[in-house]
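Here's the structure, in structure tokens; my notes come after.
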Amino acid sequence: MVRFFVSPEEMQPDFMSLTGENAQHAKVLRLKNGEEVLVCDGQGGESLCAISDVNDGQISLVVRHQQQSVTEAKVKVSIYMAFPKGDKLEHVIQKATELGAFEIVAFPSARCVSRPDEKSLRKKLDRWQKIAQSAAEQSGRGVIPKVVALPSYAEALKHAAQADKAILFYENEQAVTLKMSLQAGEFQSISLLSGPEGGLEAVEVEKAREAGFDICTLGKRILRCETAPLCALSAVMYHTGEF
């Protein structure tokens, strides 16, 4: 079923309209009167609707049923990724959204080559959020993950540590595995933090340890910076019964 995201303010109990890009998308799909669509507020609320009228620039809907999304993960998983080069973060945002991430947070670290300035970062954030929305629509999500950029590694640690469990992945860690960390206690929220192409510096890892993070390995092989967060996210989803 075709899914559209609107603002919470646009969600109404009886009648709604699709306008702007949503109306254009509906026109491209050649939706007709009587067809059913799912309208979501991006925060977990959904309305099953029937198209009642199709006009240029507006699609009128009759609300048949309202419900909470059943496609969201039980555990809120936040991905913290140091700024990578090129468009690697776009790939991570798209796939992390499909896999069920609650939010994706980018931040600078000591070895980051990419360091977008304030102006370019605003443009990137707009694009990144649209990528998350498109992936949420495609994958049947009821929530659009927030894409956030923090100004420093210290801020990333501070925010990530607020989760019930916070994990940092380090290629030089050998003793503690992700499986071991996940089995050590229950959690309803989890932060997964990984570094850029050159990895994190030892002093950055120690700062995370001091902030209460579990320092874990993702195995014997070195994963690319865009592979590590998706690998970890998939493992968490499997551990919590989503797969």
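So which GluC sites (Glu not before Pro) in the range 154-236 are both in a DSSP loop and have at most 14 other Cβ atoms within 10 Å of their Cβ? Display every interim value, and only then the final one.
Numbers: sites: Glu155, Glu171, Glu173, Glu186, Glu197, Glu201, Glu204, Glu206, Glu210, Glu226; in loops: Glu171, Glu173, Glu186, Glu197, Glu201, Glu226.
Loop-located and lightly packed - Glu186, Glu201.
For a test of the definition: using alpha carbon positions, the gyration tensor, and the 1.5 limit on a/c, classify the range 136-243 as rounded, prolate or oblate. Intermediate results must be reported in sequence, preceding the final value.
On the way: a/c = 1.42, a/b = 1.25, b/c = 1.14.
Rounded, because the longest to shortest axis ratio a/c is under 1.5.
At a 1.4 Å probe radius, carbon and sulfur cover how many percent of the accessible area of the chain? Working shown, then result.
Numbers: 6230 of 12800 Å².
Taking all protein chains in place, the chain shows 49 percent carbon and sulfur surface.
Which of Ile59, Ile104, Ile190 ends up with the largest GNM mean-square fluctuation for the chain, with Cα atoms connected below 10 Å?
Greatest mean-square fluctuation among the candidates belongs to Ile59.
Calculated FRET efficiency, Thr227 and Gln183, Cβ-Cβ r, R0 25 Å, to nearest 0.05?
Details: r = 23 Å, r/R0 = 0.92.
FRET efficiency, Thr227 to Gln183: 0.60.
Heavy atoms of the protein only, probe of 1.4 Å, neighbouring chains included. What is the accessible area of Val203 in Å², nearest 10?
80
Between the DSSP loop rule and a limit of at most 14 other Cβ atoms within 10 Å, which trypsin sites (Lys or Arg not before Pro) in the range 15-86 are left? Each step should come with its number before you reach the end.
Working: sites: Lys27, Arg30, Lys32, Arg64, Lys74, Lys76, Lys85; in loops: Arg30, Lys32, Lys74, Lys85.
Passing both the DSSP loop test and the Cβ count: Arg30, Lys32, Lys74, Lys85.
From Cα pairs below 8 angstrom and at least 6 apart in sequence, can you work out the relative contact order of the chain, rounded to a whole percent? If you can, show how the numbers build up before the last one.
Working: 470 pairs, mean separation 48.2, N = 243.
It rounds to 20 percent for the chain.
Suppose all protein chains stay in the model; what accessible area per residue would a 1.4 Å probe give for the range 10-115, in Å²?
Values: 5380 Å² over 106 residues.
I get 51 Å² per residue for the range 10-115.
Based on DSSP H runs of at least 4 residues, each adding -39500 (n - 2.57), what is the mean residue ellipticity at 222 nm of the chain after dividing by all its residues, to the nearest 500 deg cm²/dmol?
Values: 7 runs with 78 residues, N = 243.
Helix-only estimate at 222 nm: -10000 deg cm²/dmol.
Over 28 Å between C-alpha atoms is what I'm after, so list which of Lys32/Lys146; Lys74/Lys123; Lys146/Lys220; Lys85/Lys130 land there. Please list the in-between numbers first.
Details: Lys32/Lys146 32 Å; Lys74/Lys123 32 Å; Lys146/Lys220 32 Å; Lys85/Lys130 20 Å.
Where the Cα-Cα span goes over 28 Å, the pairs concerned are Lys32/Lys146; Lys74/Lys123; Lys146/Lys220.
If R0 is 30 Å, what FRET efficiency do you get for Val62 and Asp126 from their C-beta distance, rounded to 0.05?
Details: r = 33 Å, r/R0 = 1.09.
For R0 = 30 Å, the calculated efficiency reads 0.40.
For Lys124, which aspartates and glutamates qualify as cross-link partners when the Cα separation must be under 13 Å and same-chain residues fewer than eight apart are set aside?
Within the straight-line cut-off, Lys124 pairs with Asp87, Glu90.
What value in Å³ per residue do you get for the convex hull of the alpha-carbon atoms in the range 35-115? Mind dumping the intermediate values first?
On the way: hull volume 10.8 nm³, N = 81.
Given the Cα convex hull of the range 35-115, per-residue volume reads 133 Å³.
Could you tell me how many degrees, from 0 to 90 and to the nearest 10, lie between the Cα long axis of helix 228-239 and the main elongation axis, the longest principal axis, of the Cα atoms of the chain?
On a 0 to 90 degree scale, this one is about 70.
Enumerate the aspartates and glutamates that Lys207 could reach by cross-link, defined here as Cα to Cα under 19 Å, with residues fewer than 8 away along the same chain left out.
Glu155, Asp164, Glu171, Glu173
In a Gaussian network model over the chain where Cα atoms closer than 10 Å are linked, find which of Leu192, Leu218, Leu121 has the largest mean-square fluctuation.
Per the Cα network of the chain with a 10 Å cutoff, Leu121 tops the list.
On a 0 to 90 degree scale, rounded to 10, what angle separates helix 88-99 from the longest Cα axis of the chain?
70
Shape of the chain from its Cα gyration tensor (a ≥ b ≥ c, root eigenvalues): rounded if a/c is under 1.5, otherwise prolate when a/b > b/c, or oblate?
On the way: a/c = 2.77, a/b = 1.95, b/c = 1.42.
Prolate shape, in that a/c is at least 1.5 and a/b is the bigger ratio.
The values are calculated or read from the model by the stated rules, or taken from the named source; none is laboratory data. A quick note: this is a predicted structure, and the numbers were derived from the prediction, not measured. Positions of Cβ are generated from backbone atoms using ideal geometry, with glycine treated the same way; all protein chains shown enter the neighbour counts. Surface areas here come from the heavy atoms of the whole protein model, side chains and all, with no ligands, DNA or RNA. Shrake-Rupley method; radii C 1.70, N 1.55, O 1.52, S 1.80 Å.
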